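Shown next, in C-alpha coordinates, is the structure this report addresses.
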Amino acid sequence: MTSQNTTSKNILFVIDSMGIGGAEKVVLTLAKSLLDSGNSVHLIICDKDIKFMPDSRIKLHILRFKKSFMDYKRYSIRLHKLITSIEKKDGFKFDLIVAHLQKSTRLLRGYKHENIYHVVHSTLSKSAFANRSGLRLWLKKRNIQKIYYNLNIIAVSDGIKEDLLDNIGIKPRSIQTIYNPINIDELKQLSKEKLAVDKADYIVHVGRFDTQKRHDILLKAFVKSKLGIKLILVGDGAERENITKLIKKLGIENRVVLTGFIQNPYPIIKNAKMLVLTSDYEGFGVVLAEALALNTPVVSTDCASGPNEILTGENRRYLARVGDVDDIANKLKEIYQEVDDIVINMPDKFGNIRITKQYLMLSY
(Lines give C-alpha, C1' and ligand atoms only; values in the text may rest on other atoms or scores of the structure.)
Protein backbone atom coordinates (compact mmCIF):
# COMPACT_ATOMS: atom_id res chain seq x y z
CA MET A 1 0.00 0.00 0.00
CA THR A 2 1.31 3.46 -0.88
CA SER A 3 1.61 5.76 2.10
CA GLN A 4 0.66 9.41 1.79
CA ASN A 5 3.12 12.15 2.59
CA THR A 6 1.81 15.66 3.19
CA THR A 7 5.27 17.11 2.62
CA SER A 8 5.98 15.32 -0.65
CA LYS A 9 9.14 16.23 -2.52
CA ASN A 10 10.02 16.51 -6.19
CA ILE A 11 13.15 14.43 -6.75
CA LEU A 12 15.29 14.18 -9.89
CA PHE A 13 17.78 11.38 -10.51
CA VAL A 14 20.27 11.70 -13.37
CA ILE A 15 22.16 8.55 -14.40
CA ASP A 16 24.40 7.55 -17.31
CA SER A 17 22.22 4.64 -18.44
CA MET A 18 19.86 1.92 -17.30
CA GLY A 19 22.35 -0.85 -18.07
CA ILE A 20 23.03 -3.94 -15.97
CA GLY A 21 25.17 -2.39 -13.24
CA GLY A 22 24.55 -2.05 -9.52
CA ALA A 23 24.08 1.73 -9.66
CA GLU A 24 21.08 1.35 -11.95
CA LYS A 25 19.40 -1.09 -9.56
CA VAL A 26 20.07 1.26 -6.66
CA VAL A 27 18.41 4.17 -8.44
CA LEU A 28 15.31 2.10 -9.18
CA THR A 29 15.09 0.86 -5.58
CA LEU A 30 15.43 4.40 -4.27
CA ALA A 31 12.91 5.76 -6.75
CA LYS A 32 10.32 3.12 -5.88
CA SER A 33 10.73 3.76 -2.16
CA LEU A 34 10.38 7.50 -2.68
CA LEU A 35 7.27 6.99 -4.80
CA ASP A 36 5.75 4.64 -2.23
CA SER A 37 6.19 7.33 0.43
CA GLY A 38 4.26 9.87 -1.64
CA ASN A 39 7.01 11.74 -3.47
CA SER A 40 7.36 12.60 -7.16
CA VAL A 41 10.34 11.15 -9.02
CA HIS A 42 11.78 12.17 -12.38
CA LEU A 43 14.61 10.22 -14.02
CA ILE A 44 16.92 11.50 -16.75
CA ILE A 45 18.94 8.81 -18.55
CA CYS A 46 21.90 10.31 -20.39
CA ASP A 47 22.33 7.42 -22.85
CA LYS A 48 19.48 5.43 -24.36
CA ASP A 49 20.73 2.06 -23.04
CA ILE A 50 17.86 0.59 -20.98
CA LYS A 51 18.14 -2.94 -19.58
CA PHE A 52 16.24 -2.33 -16.33
CA MET A 53 12.75 -0.95 -16.98
CA PRO A 54 11.89 1.88 -14.58
CA ASP A 55 8.71 1.87 -12.49
CA SER A 56 5.82 3.20 -14.61
CA ARG A 57 5.22 5.93 -12.02
CA ILE A 58 8.65 7.45 -12.69
CA LYS A 59 8.58 10.37 -15.12
CA LEU A 60 11.25 9.29 -17.60
CA HIS A 61 13.38 11.54 -19.83
CA ILE A 62 16.22 10.48 -22.18
CA LEU A 63 19.03 12.85 -23.13
CA ARG A 64 20.42 10.55 -25.89
CA PHE A 65 24.06 11.44 -25.26
CA LYS A 66 26.42 10.64 -28.15
CA LYS A 67 30.17 10.92 -27.74
CA SER A 68 31.71 13.33 -30.22
CA PHE A 69 33.85 16.47 -30.40
CA MET A 70 32.79 18.96 -27.72
CA ASP A 71 30.33 16.30 -26.52
CA TYR A 72 30.22 17.12 -22.82
CA LYS A 73 29.86 20.86 -23.31
CA ARG A 74 27.04 20.48 -25.81
CA TYR A 75 25.12 17.83 -23.86
CA SER A 76 25.70 19.62 -20.57
CA ILE A 77 23.84 22.61 -22.00
CA ARG A 78 21.08 20.30 -23.24
CA LEU A 79 20.77 18.64 -19.83
CA HIS A 80 20.55 21.96 -18.01
CA LYS A 81 17.87 23.16 -20.44
CA LEU A 82 15.97 19.88 -20.04
CA ILE A 83 15.83 20.23 -16.25
CA THR A 84 14.64 23.82 -16.53
CA SER A 85 11.99 22.85 -19.07
CA ILE A 86 10.68 20.04 -16.83
CA GLU A 87 10.33 22.45 -13.92
CA LYS A 88 8.64 25.06 -16.10
CA LYS A 89 6.21 22.57 -17.65
CA ASP A 90 5.19 21.01 -14.32
CA GLY A 91 5.25 24.27 -12.38
CA PHE A 92 7.70 23.39 -9.59
CA LYS A 93 11.35 23.46 -8.60
CA PHE A 94 13.09 20.19 -7.84
CA ASP A 95 13.70 19.81 -4.11
CA LEU A 96 16.62 17.46 -4.71
CA ILE A 97 18.76 16.54 -7.71
CA VAL A 98 21.00 13.47 -7.47
CA ALA A 99 23.54 12.49 -10.14
CA HIS A 100 24.70 8.87 -10.29
CA LEU A 101 27.95 7.91 -12.05
CA GLN A 102 30.65 10.08 -13.53
CA LYS A 103 29.17 11.05 -16.89
CA SER A 104 26.08 12.42 -15.17
CA THR A 105 28.22 14.36 -12.73
CA ARG A 106 30.25 15.90 -15.55
CA LEU A 107 27.13 16.88 -17.47
CA LEU A 108 25.46 18.33 -14.39
CA ARG A 109 28.45 20.43 -13.26
CA GLY A 110 27.68 24.11 -13.23
CA TYR A 111 23.92 23.72 -12.88
CA LYS A 112 22.73 26.14 -10.22
CA HIS A 113 20.65 24.43 -7.54
CA GLU A 114 20.97 24.45 -3.76
CA ASN A 115 20.46 20.71 -3.33
CA ILE A 116 22.55 18.84 -5.92
CA TYR A 117 24.41 15.70 -4.82
CA HIS A 118 26.72 13.39 -6.75
CA VAL A 119 26.86 9.69 -5.90
CA VAL A 120 30.10 7.74 -6.35
CA HIS A 121 29.49 4.01 -6.73
CA SER A 122 33.01 2.75 -7.36
CA THR A 123 36.46 2.70 -5.77
CA LEU A 124 37.86 5.14 -8.31
CA SER A 125 41.53 4.64 -7.43
CA LYS A 126 41.05 1.02 -8.55
CA SER A 127 38.71 1.43 -11.53
CA ALA A 128 40.14 4.64 -12.98
CA PHE A 129 43.85 4.15 -12.23
CA ALA A 130 44.16 0.58 -13.52
CA ASN A 131 47.03 0.11 -16.01
CA ARG A 132 48.15 3.72 -15.58
CA SER A 133 51.47 5.02 -14.27
CA GLY A 134 53.64 8.10 -14.45
CA LEU A 135 52.18 11.03 -16.35
CA ARG A 136 49.05 9.13 -17.43
CA LEU A 137 48.25 8.32 -13.80
CA TRP A 138 48.90 11.91 -12.68
CA LEU A 139 46.67 13.31 -15.42
CA LYS A 140 43.83 10.91 -14.59
CA LYS A 141 44.07 11.77 -10.93
CA ARG A 142 43.97 15.48 -11.69
CA ASN A 143 40.97 14.97 -13.96
CA ILE A 144 38.98 13.19 -11.22
CA GLN A 145 39.96 15.85 -8.69
CA LYS A 146 38.64 18.46 -11.10
CA ILE A 147 35.37 16.60 -11.79
CA TYR A 148 34.47 16.33 -8.10
CA TYR A 149 35.96 19.63 -6.89
CA ASN A 150 33.62 21.58 -4.57
CA LEU A 151 30.68 19.22 -5.09
CA ASN A 152 28.38 17.60 -2.55
CA ILE A 153 29.45 13.95 -2.65
CA ILE A 154 27.63 10.83 -1.51
CA ALA A 155 29.80 7.72 -1.19
CA VAL A 156 27.94 4.39 -1.10
CA SER A 157 30.44 2.97 1.40
CA ASP A 158 32.94 4.30 3.91
CA GLY A 159 35.64 2.66 1.84
CA ILE A 160 34.75 4.81 -1.16
CA LYS A 161 34.69 7.92 1.00
CA GLU A 162 38.19 7.17 2.30
CA ASP A 163 39.40 6.37 -1.21
CA LEU A 164 38.16 9.71 -2.59
CA LEU A 165 39.74 11.72 0.19
CA ASP A 166 42.96 9.80 0.84
CA ASN A 167 43.92 8.11 -2.43
CA ILE A 168 42.58 10.59 -4.97
CA GLY A 169 42.70 13.74 -2.88
CA ILE A 170 39.42 15.33 -3.96
CA LYS A 171 38.31 18.52 -2.23
CA PRO A 172 34.52 18.34 -2.03
CA ARG A 173 32.11 20.91 -0.67
CA SER A 174 30.75 18.09 1.50
CA ILE A 175 31.06 14.32 1.61
CA GLN A 176 29.07 11.66 3.44
CA THR A 177 28.32 7.95 3.27
CA ILE A 178 24.82 6.77 2.43
CA TYR A 179 24.61 3.03 1.83
CA ASN A 180 22.74 1.47 -1.04
CA PRO A 181 19.16 0.54 -0.09
CA ILE A 182 17.83 -3.00 0.16
CA ASN A 183 14.07 -3.51 -0.09
CA ILE A 184 13.73 -6.78 1.79
CA ASP A 185 9.99 -7.22 1.24
CA GLU A 186 10.32 -6.71 -2.50
CA LEU A 187 13.30 -9.08 -2.76
CA LYS A 188 11.41 -11.81 -0.91
CA GLN A 189 8.43 -11.38 -3.21
CA LEU A 190 10.59 -11.48 -6.35
CA SER A 191 12.42 -14.55 -5.04
CA LYS A 192 9.13 -16.50 -5.16
CA GLU A 193 8.96 -16.35 -8.96
CA LYS A 194 9.83 -19.36 -11.11
CA LEU A 195 13.38 -20.63 -10.73
CA ALA A 196 15.24 -20.27 -14.05
CA VAL A 197 17.80 -23.03 -13.33
CA ASP A 198 17.82 -26.66 -12.23
CA LYS A 199 16.90 -27.11 -8.55
CA ALA A 200 19.95 -29.28 -7.83
CA ASP A 201 22.41 -27.88 -5.27
CA TYR A 202 24.51 -24.99 -6.58
CA ILE A 203 26.43 -21.88 -5.63
CA VAL A 204 25.90 -18.64 -7.52
CA HIS A 205 27.79 -15.57 -8.67
CA VAL A 206 25.77 -12.56 -9.87
CA GLY A 207 27.54 -9.75 -11.68
CA ARG A 208 28.67 -8.46 -15.04
CA PHE A 209 31.40 -10.36 -16.87
CA ASP A 210 34.23 -7.91 -16.25
CA THR A 211 37.89 -8.35 -15.29
CA GLN A 212 37.19 -6.59 -11.97
CA LYS A 213 34.91 -9.46 -10.92
CA ARG A 214 37.72 -12.03 -11.33
CA HIS A 215 35.71 -14.93 -12.68
CA ASP A 216 39.08 -16.60 -13.33
CA ILE A 217 39.79 -16.71 -9.60
CA LEU A 218 36.24 -17.90 -8.91
CA LEU A 219 36.45 -20.78 -11.40
CA LYS A 220 39.84 -21.95 -10.11
CA ALA A 221 38.65 -21.78 -6.50
CA PHE A 222 35.49 -23.68 -7.43
CA VAL A 223 37.59 -26.47 -8.94
CA LYS A 224 39.93 -26.52 -5.94
CA SER A 225 37.05 -26.69 -3.46
CA LYS A 226 35.97 -30.03 -4.94
CA LEU A 227 32.36 -29.32 -4.08
CA GLY A 228 30.07 -31.81 -5.79
CA ILE A 229 27.59 -29.13 -6.86
CA LYS A 230 27.14 -26.73 -9.75
CA LEU A 231 28.26 -23.13 -10.16
CA ILE A 232 25.73 -20.72 -11.68
CA LEU A 233 27.09 -17.55 -13.29
CA VAL A 234 24.37 -14.92 -13.70
CA GLY A 235 25.36 -12.00 -15.92
CA ASP A 236 26.95 -11.03 -19.19
CA GLY A 237 29.63 -8.73 -20.51
CA ALA A 238 32.92 -8.28 -22.31
CA GLU A 239 34.69 -11.17 -20.55
CA ARG A 240 32.16 -13.83 -21.56
CA GLU A 241 34.40 -15.40 -24.22
CA ASN A 242 37.41 -15.57 -21.88
CA ILE A 243 35.26 -17.07 -19.12
CA THR A 244 33.90 -19.71 -21.51
CA LYS A 245 37.42 -20.60 -22.65
CA LEU A 246 38.63 -21.01 -19.07
CA ILE A 247 35.65 -23.21 -18.20
CA LYS A 248 36.61 -25.51 -21.08
CA LYS A 249 40.30 -25.44 -20.12
CA LEU A 250 39.43 -26.46 -16.56
CA GLY A 251 37.17 -29.23 -17.86
CA ILE A 252 34.10 -28.15 -15.94
CA GLU A 253 31.65 -27.46 -18.78
CA ASN A 254 29.12 -29.84 -17.22
CA ARG A 255 29.34 -28.17 -13.80
CA VAL A 256 29.10 -24.47 -14.71
CA VAL A 257 25.94 -22.80 -16.04
CA LEU A 258 26.02 -19.38 -17.74
CA THR A 259 22.52 -17.92 -17.65
CA GLY A 260 23.22 -14.60 -19.33
CA PHE A 261 21.59 -11.44 -18.00
CA ILE A 262 18.44 -12.15 -15.97
CA GLN A 263 16.08 -9.34 -14.98
CA ASN A 264 15.12 -11.13 -11.77
CA PRO A 265 18.01 -13.20 -10.33
CA TYR A 266 16.49 -13.41 -6.85
CA PRO A 267 14.90 -16.88 -7.11
CA ILE A 268 18.36 -18.15 -8.08
CA ILE A 269 20.00 -16.33 -5.16
CA LYS A 270 17.32 -17.49 -2.71
CA ASN A 271 17.69 -21.16 -3.63
CA ALA A 272 21.50 -21.18 -3.77
CA LYS A 273 23.57 -22.92 -1.11
CA MET A 274 25.66 -19.76 -1.08
CA LEU A 275 26.53 -16.67 -3.11
CA VAL A 276 30.16 -15.94 -3.87
CA LEU A 277 31.92 -12.70 -4.86
CA THR A 278 35.61 -12.77 -5.87
CA SER A 279 36.15 -9.18 -7.03
CA ASP A 280 39.41 -7.25 -6.91
CA TYR A 281 37.35 -4.25 -5.82
CA GLU A 282 33.75 -3.16 -5.41
CA GLY A 283 31.90 0.02 -4.65
CA PHE A 284 29.47 -1.49 -2.20
CA GLY A 285 28.72 -5.05 -3.28
CA VAL A 286 24.94 -4.72 -3.18
CA VAL A 287 24.42 -8.36 -4.19
CA LEU A 288 25.98 -9.43 -0.88
CA ALA A 289 23.39 -7.50 1.12
CA GLU A 290 20.63 -8.81 -1.16
CA ALA A 291 21.75 -12.39 -0.54
CA LEU A 292 21.75 -11.85 3.23
CA ALA A 293 18.25 -10.37 2.96
CA LEU A 294 17.17 -13.65 1.32
CA ASN A 295 18.89 -15.73 4.03
CA THR A 296 21.55 -16.98 1.62
CA PRO A 297 25.08 -17.33 3.06
CA VAL A 298 27.86 -15.49 1.23
CA VAL A 299 31.59 -15.77 0.65
CA SER A 300 33.38 -12.64 -0.54
CA THR A 301 36.86 -11.32 -1.03
CA ASP A 302 37.76 -8.66 1.51
CA CYS A 303 38.24 -6.17 -1.28
CA ALA A 304 38.03 -2.41 -1.42
CA SER A 305 35.38 -1.44 -0.69
CA GLY A 306 32.06 -2.49 0.82
CA PRO A 307 32.20 -6.23 1.63
CA ASN A 308 33.78 -5.74 5.07
CA GLU A 309 31.08 -3.16 5.85
CA ILE A 310 28.38 -5.68 4.93
CA LEU A 311 29.93 -8.84 6.41
CA THR A 312 30.34 -7.80 10.02
CA GLY A 313 30.43 -9.68 13.32
CA GLU A 314 30.34 -13.46 12.86
CA ASN A 315 30.01 -13.06 9.10
CA ARG A 316 33.53 -11.60 8.87
CA ARG A 317 34.98 -15.10 8.85
CA TYR A 318 33.55 -15.55 5.36
CA LEU A 319 35.76 -12.80 3.97
CA ALA A 320 38.63 -14.22 1.91
CA ARG A 321 41.88 -12.68 0.80
CA VAL A 322 41.73 -10.92 -2.59
CA GLY A 323 43.08 -13.07 -5.42
CA ASP A 324 43.81 -16.03 -3.11
CA VAL A 325 42.41 -19.15 -4.80
CA ASP A 326 43.22 -21.41 -1.84
CA ASP A 327 41.61 -19.14 0.74
CA ILE A 328 38.45 -18.71 -1.34
CA ALA A 329 38.25 -22.48 -1.94
CA ASN A 330 38.58 -23.12 1.80
CA LYS A 331 35.82 -20.59 2.58
CA LEU A 332 33.54 -22.29 0.05
CA LYS A 333 34.12 -25.68 1.67
CA GLU A 334 33.70 -24.28 5.16
CA ILE A 335 30.41 -22.54 4.48
CA TYR A 336 29.04 -25.53 2.52
CA GLN A 337 29.71 -27.82 5.47
CA GLU A 338 27.99 -25.41 7.88
CA VAL A 339 25.26 -24.07 5.59
CA ASP A 340 22.33 -25.56 7.52
CA ASP A 341 23.50 -24.07 10.82
CA ILE A 342 24.41 -20.55 9.66
CA VAL A 343 22.30 -17.70 11.05
CA ILE A 344 21.90 -14.96 8.46
CA ASN A 345 21.35 -11.32 9.39
CA MET A 346 21.28 -8.34 7.07
CA PRO A 347 22.26 -5.18 9.01
CA ASP A 348 19.36 -2.75 9.52
CA LYS A 349 21.50 0.11 8.21
CA PHE A 350 20.86 -1.10 4.63
CA GLY A 351 17.05 -1.06 4.83
CA ASN A 352 15.41 0.95 2.05
CA ILE A 353 13.12 2.97 4.38
CA ARG A 354 16.08 4.15 6.45
CA ILE A 355 18.15 5.02 3.36
CA THR A 356 15.20 6.82 1.72
CA LYS A 357 14.82 9.02 4.79
CA GLN A 358 18.51 9.92 4.56
CA TYR A 359 18.04 11.05 0.96
CA LEU A 360 14.91 13.02 1.80
CA MET A 361 16.83 14.88 4.52
CA LEU A 362 19.10 16.24 1.77
CA SER A 363 16.14 18.12 0.27
CA TYR A 364 15.75 20.45 3.25
Picking from ALA291, ALA23, ALA196, which is most flexible by a Gaussian network model of the chain using Cα springs under 10 Å?
ALA196
Using 1/(1 + (r/R0)^6) with R0 = 41 angstrom and r between the beta carbons of ILE50 and GLN176, what's the FRET efficiency to the nearest 0.05?
0.85
What residues qualify as long-range amide H neighbours of ILE62, i.e. H under 5 Å apart, gap of 5 or more or another chain, H built at 1.01 Å from N?
ILE45
Whole-Hz Karplus ³J(HN,Hα) for the range 9-23, in order, using 6.51 cos²θ - 1.76 cosθ + 1.60 and θ = phi - 60°, x for Gly and Pro?
10, 9, 10, 10, 9, 10, 9, 4, 7, 10, x, 9, x, x, 4
C-alpha center-to-center spacing [the range 105-142, the range 22-71] in angstrom
21
Would you look at the GNM of the chain, springs on alpha carbons closer than 10 Å, and say which of ARG132, ARG57, ARG78 moves the most?
ARG132
Per 0.36 nm of contour for each residue apart, how much would the distance between ASP341 and LEU258 grow if the chain were fully extended, relative to their Cα-Cα spacing?
27.0 nm
Determine the alpha carbon to alpha carbon distance for each of LYS213/LYS349; LYS32/LYS140; LYS249/LYS333; LYS25/LYS213; LYS249/LYS331; LYS88/LYS146 and list only those over 27 Å.
LYS32/LYS140; LYS88/LYS146
Round to the nearest 0.05 the FRET efficiency obtained for LEU82 and THR244 when R0 = 30 Å and r is the Cβ-Cβ distance.
0.15
By how many degrees, between 0 and 90 and to the nearest 10, does the Cα long axis of helix 215-225 differ from the longest principal axis of the chain?
30
With the Cα gyration tensor of the range 301-364 giving a ≥ b ≥ c as the square roots of its eigenvalues, does the rule (a/c under 1.5 for rounded; else a/b larger than b/c for prolate; else oblate) give rounded, prolate or oblate?
oblate
Would you give the gap between the C-alpha center of the range 279-319 and the C-alpha center of the range 221-237, rounded to a whole Å?
18
Rounded to 10°, Cα long-axis angle of helix 325-338 versus longest principal axis of the chain:
80
Rolling a 1.4 angstrom probe over the protein heavy atoms, how many square angstrom per residue are accessible across the chain?
47
Can you give the local net charge around TYR336? Use residues other than it whose beta-carbon is closer than 12 angstrom to its beta-carbon, Lys and Arg +1, Asp and Glu -1.
-1
State, to one decimal in nm², a quarter of the convex hull surface area for the C-alpha atoms of the chain, i.e. the direction-averaged projected area.
18.8
Report the label-to-label distance for ILE353 and THR211 in nanometres (one decimal), using points 7 Å from each Cα along the Cα→Cβ vector.
4.5
Calculate the dipole size of the chain relative to its Cα centre from +1 charges on Lys and Arg beta carbons and -1 charges on Asp and Glu beta carbons; express the result in debye to the nearest 20.
1660
So how long is each side of the range 121-236 along the principal axes, counting just the alpha-carbon atoms, biggest first, in Å?
52, 37, 21
Let me test this: with uniform point scatterers at the alpha carbons of the range 162-307, what is the Debye-based log₁₀ I(q)/I(0) at q = 0.09, 0.12, 0.20, 0.21 1/Å?
-0.31, -0.53, -1.26, -1.36
At q = 0.17, 0.22 Å⁻¹, what log₁₀ I(q)/I(0) does a Debye calculation on the Cα points of the range 39-91 give, no solvent, two decimals?
-0.61, -0.91
Show me, for the range 142-152, the HN-Hα J-couplings you get by feeding each phi into the Karplus relation (A = 6.51, B = -1.76, C = 1.60, θ = phi - 60°), rounded to Hz, glycine and proline as x.
4, 5, 5, 4, 5, 4, 9, 4, 6, 9, 7
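The values are calculated or read from the model by the stated rules, or taken from the named source; none is laboratory data. Quantities reported herein were computed from a predicted structural model and do not represent experimental measurements. Counting neighbours? That spans all protein chains shown, and the Cβs are built from the backbone with ideal geometry, glycine included. Ligands, DNA and RNA are stripped out before the accessible areas are found, and what is left, the full protein with its side chains, is counted by its heavy atoms. Shrake-Rupley method; radii C 1.70, N 1.55, O 1.52, S 1.80 Å.
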